[in-house]
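Heads up: the structure comes next, in structure tokens.
The values are calculated or read from the model by the stated rules, or taken from the named source; none is laboratory data. Just so it is clear, the structure is predicted and the values come from calculations on it, not from any experiment. Cβ coordinates were reconstructed from backbone atoms using ideal geometry, including for glycine residues, and neighbour counts include every protein chain displayed. Quick note on the areas: whole protein, heavy atoms, side chains included, nothing else; ligands and nucleic acids left out. Shrake-Rupley method; radii C 1.70, N 1.55, O 1.52, S 1.80 Å.
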Amino acid sequence: MVTIELDQSRNLFIIRYSDHVGPDETGRALADVRLTLGKVERSFRLLVDLLQLQSMDVLCAPHIENAMDMFNEKGVSEIIRIIPDPRLDIGLQIMSYFHYRGDVRIVTCESMDEAMNLLAK
């Protein structure tokens, strides 16, 4: 499952991946990403939550790369990823080098508490 949320008061875009995610889900989520990006301001922050992710099909990669390009074009300034188990890093770090500007700050956390502390700054 892919869930898209927006905390407009904090200019924070949130993506949550949970359970087993396939390309149909990530493909459908792109429409929600486009719609929600219309509501954020430049220099928004992105929280990517993989706490409940069990697995992700490799065929999801093109959709994730497309979303990364959209975030980059809209002016994302900081990305905070919650990845509790390094084995669940589905290639996000490597893809980031090709799809985000060099000035985008990217931080990986192991817990929601750690991410919330970063977002409070």
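I'd like the full set of residues that are open to solvent by 10 Å² or more (accessible area, probe 1.4 Å) and aliphatic (A, V, I, L, M), limited to region 49-63. The answer is Leu51, Met56, Val58, Leu59, Ala61. Close contacts from region 51-70, counting a first residue that is within 10 Å of Gly27 (Cβ to Cβ) and a second that is open to solvent by 60 Å² or more (accessible area, probe 1.4 Å), with Cβ to Cβ under 7 Å and a gap of 6+ residues or different chains, come to none at all. If only residues of region 70-93 that are under 11 Å from Ser43 (Cα atoms), open to solvent by less than 30 Å² (accessible area, probe 1.4 Å) and not charged (D, E, K, R) are counted, the one that is nearest to the chain's Cα centre (by Cα) is Ile79.
Please specify each residue of region 101-118 satisfying the condition of being out of contact with any Asp or Glu (no Cβ under 9 Å at 6 or more places or on another chain) and surrounded by 13 or more Cβ atoms within 10 Å (Cβ to Cβ). Hits for region 101-118 are Cys109, Glu114, Met116. Checking Asp69, Asp19, Asp32 one by one, the residue that is touching a His at 6+ places or on another chain (Cβ under 7 Å) and of a type in the set (D, E, K, R) is Asp69 and no other.
If you go through region 101-121 and keep only what is farther than 16 Å from Ser43 by Cα and part of a strand (DSSP E or B), you end up with Thr108, Cys109. Name the one entry in Asp32, Asp57 that is touching a strand residue (DSSP E or B) at 6+ places or on another chain (Cβ under 9 Å), within 15 Å of Thr3 (Cβ to Cβ) and either at pLDDT below 95 or among the acidic types (Asp, Glu) (or both). Residue meeting the stated conditions: Asp32. The set of residues from region 71-121 being in contact (Cβ under 8 Å) with a residue 24 or more places away in the chain and among the small types (Gly, Ala, Ser) comprises Gly75, Ser77, Gly91, Ser96, Ser111, Ala115.
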